[in-house]
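K.L.:
Have a look at this one before I ask anything.
Readers should treat all values here as calculations from the given coordinates under stated rules, not as data from a laboratory. The model shown is predicted, which means the values in this text are computed figures rather than measured ones. Neighbour counts run over all protein chains shown; Cβ positions are idealised from the backbone, glycine included.
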Amino acid sequence: MKKKANIPSQDRCEMFAPHRETVTALSQDQIDSETIQKTAEIFKVMADYNRIRILHALSKKELCVCDLSELIGMTPSAVSHQLRILRHQDLVRYHKEGRAVFYRLADNHVITLFQEALNHVLEKKEKIEQS
C-alpha cells in the first residue's frame, strides 16, 4: 500500500480509488524520460531573474550584448554568460554584424512559452488588484 503524503485533506481524495480507464488511456501517452529531463532543463534555465529580464527584452526586439547590458544593468561579460546558458538550451540565437553580436529569441515556441508565462502572472496580478 502506498504511503499517504502529508497533504491537507481538502487537497486530496478521501479514499484511494483511481479511475482505471482514465489511467490506462493516459498511460499509453506518456512522455519518455529523456524528453521530460530536457523539458525540465528548459524551465530550470528560464527560472532565473536576470534571464527572464533578458528574454523579456528579446521578446520585444533583437538586441546586441551592449544594448542588453545597458538595459538591464549588468556587465557585458555577465550578459554574455547568461546568453550562453540560454543559447545552450536553444532559447536564443545570435548573429554577428561587424564587431557586434545580436541576439533574438530562437523561435515562435520560445516566444509563446515566455509570453504565456508572463500573461499568466499578469492576469493573476490584475485579479488581485481588482479585488
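K.L.:
Round to the nearest 0.05 the FRET efficiency obtained for His19 and Asp90 when R0 = 41 Å and r is the Cβ-Cβ distance.
P.N.:
0.65
K.L.:
Right, another one. What list of ³J(HN,Hα) couplings, whole Hz, do you get for segment 82-98 from phi and the Karplus terms 6.51, -1.76, 1.60, once you set θ to phi - 60° and write x for glycine and proline?
P.N.:
Along segment 82-98, the couplings run 5, 5, 4, 5, 5, 5, 4, 8, 6, 8, 10, 10, 9, 8, 9, 10, x Hz.
K.L.:
Also: Report, to two decimal places, the Cα Rg of segment 33-102 normalised by 2.2 N^0.38 Å (N = number of residues).
P.N.:
1.14
K.L.:
What full-extension length gain, to one decimal in nm, is calculated for Ala100 and Gln10 as 0.36 nm per residue of separation minus the Cα-Cα distance?
P.N.:
Between Ala100 and Gln10, full extension yields 26.8 nm more.
K.L.:
Identify which of Asp29, Asp107, Asp67 has the largest mean-square fluctuation in a Gaussian network model of the chain, with springs joining Cα atoms closer than 10 Å.
P.N.:
Result for the chain, Cα springs under 10 Å: Asp29 fluctuates most.
K.L.:
Looking only at trypsin sites (Lys or Arg not before Pro) in DSSP loops with at most 11 other Cβ atoms within 10 Å, what is the longest site-free stretch of the chain?
P.N.:
13-60
K.L.:
Residue separation times 0.36 nm, minus the C-alpha to C-alpha distance between Asp107 and Lys38: what's the value?
P.N.:
Once the chain is fully extended between Asp107 and Lys38, it gains 23.1 nm.
K.L.:
Give the dimensionless ratio obtained when the Cα radius of gyration of the chain is divided by 2.2 N^0.38 Å.
P.N.:
For the chain, the normalised Cα radius of gyration comes out at 1.48.
K.L.:
Determine, from the Cβ-Cβ distance of Ala47 and Glu116 and an R0 of 22 Å, the FRET efficiency 1/(1 + (r/R0)^6), rounded to the nearest 0.05.
P.N.:
About 0.90, to the nearest 0.05.
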